[in-house]
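Student: This is the structure, below, for whatever I ask next.
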């Protein structure tokens, strides 16, 4: 009962974050900001959805498979995002910035 | 040479485990086929010289769950911040590119750092060079978070027990 409720909370919040991510991709002004909105989908969107499904699955092989999907998404998601951002930068797209000089911590 | 044998056995075992968890059958035929294909894959991997030993070291594994827990907390928190920015009518953006110098020694740990930055919403690693990682951030909070170096130090802390001469 508690597990079921928790699972539904996760499923619904995951879906909500997917929608927020889509809104962000539409609303944000430039390419590099839109990548951040897509990042919501990569991390919490799919994460919460898959965790919710894992709770529905219980201690079965389905849960193991879902866990593998989660692990793969967590590794490939940021890699693809980085590849896109890097390709855009090297392709000559200059990011619109609100602050000119680049601060550094080195 | 002994290490090579051990890693071959571990890799075969891991592949076998993957087969079992993906198929879900436990009869002799399925297990036998799984064993044969695991051995075949390992044989091909050795022939292609892809079986390397400089990946994630087993000795480090116990430290990762703690870092993962911290990372998940960071992800959820910055997710809420990005969601708030996206949903607010004025969208208070402060887009910035900052340079962060990775403090890790191995390529693997630097990759984990760059991927963790990208995985956390609000910050994306755009480029990497000898100077460091270029990070694009959506608002001032996220840029300050990267410049505060907390994630950098934590990942550097994951690898401190490797002696320097042992690294590939």
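Every read-out reported here was derived from the displayed coordinates using simple, explicitly stated rules and does not represent laboratory data. In this text the structure is predicted, and so the values were computed from the model without any measurement. Virtual Cβ from ideal backbone geometry, glycine too; neighbours counted across all protein chains shown.
Student: Other chains near B:135-142: what is the mean number of their Cβ atoms within 10 Å of each residue's Cβ?
Tutor: Numbers: counts 2, 8, 3, 8, 3, 2, 0, 1.
Mean number of neighbouring Cβ atoms from other chains: 3.
Student: Treat the count of other C-beta atoms within 10 Å as a stand-in for reagent exposure and order A:46, A:60 from fewest to most. Could you put the intermediate results ahead of the total?
Tutor: Working: A:46 19, A:60 12.
Final ranking by Cβ density, sparse to dense: A:60, A:46.
Student: Right, something else. If you take each beta carbon of peptide A:20-32 and count the beta carbons of other chains within 10 angstrom, what is the mean? All intermediate terms of the calculation are to be shown ahead of the outcome.
Tutor: Details: counts 6, 5, 1, 3, 8, 1, 1, 4, 7, 3, 2, 0, 7.
Per residue, the average neighbour count from other chains is 4.
Student: A further question on this structure: Answer rounded, prolate or oblate for segment A:2-90, using the Cα gyration tensor with square roots of eigenvalues a ≥ b ≥ c: rounded when a/c is under 1.5, else prolate when a/b is larger than b/c, else oblate. Don't jump to the answer; show the numbers that get you there.
Tutor: Working: a/c = 5.48, a/b = 1.73, b/c = 3.16.
Oblate shape, in that a/c is at least 1.5 and b/c is the bigger or equal ratio.
Student: Using a ≥ b ≥ c from the Cα gyration tensor of segment B:60-166 (square roots of the eigenvalues), is it rounded, prolate or oblate, where a/c under 1.5 gives rounded and otherwise the larger of a/b and b/c decides, a/b for prolate? Each step should come with its number before you reach the end.
Tutor: Details: a/c = 3.15, a/b = 1.70, b/c = 1.85.
Oblate, since a/c reaches 1.5 and b/c is not below a/b.
Student: Cβ neighbours within 10 Å, averaged per peptide: list B:71-77, B:130-136 in order, most packed at the top.
Tutor: Details: B:71-77: 16.3, B:130-136: 18.6.
For the peptides B:71-77, B:130-136, the packing ranking is B:130-136, B:71-77.
Student: Restricting to DSSP H runs of at least four residues, report the calculated mean residue ellipticity at 222 nm for chain B, -39500 (n - 2.57) per run over all residues, nearest 500 deg cm²/dmol. Working shown, then result.
Tutor: Numbers: 6 runs with 96 residues, N = 168.
The helix-only estimate for chain B comes to -19000 deg cm²/dmol at 222 nm.
Student: Only Cα pairs under 8 Å and at least 6 apart count here; give the relative contact order of chain B as a rounded whole percent.
Tutor: Details: 143 pairs, mean separation 34.1, N = 168.
Worked out over chain B, it gives 20 percent.
Student: Of B:118, A:81, how do they rank once you tally other Cβ atoms within 10 Å and put the fewest first?
Tutor: Numbers: B:118 27, A:81 21.
Least to most surrounded, the residues fall as A:81, B:118.
Student: Something else about it: Need one value for A:38-49: mean number of C-beta atoms belonging to other chains within 10 Å of its residues' C-beta atoms.
Tutor: Details: counts 2, 12, 9, 1, 4, 12, 9, 2, 0, 5, 2, 0.
Counting other chains' Cβ atoms within 10 Å and averaging over A:38-49 gives 5.
Student: Need one word for the protein assembly as shown: rounded, prolate or oblate. Basis is the Cα gyration tensor (sqrt eigenvalues a ≥ b ≥ c); a/c below 1.5 gives rounded, then a/b vs b/c decides.
Tutor: Values: a/c = 2.20, a/b = 1.35, b/c = 1.62.
It is oblate, given that a/c is not under 1.5 and a/b is not larger than b/c.
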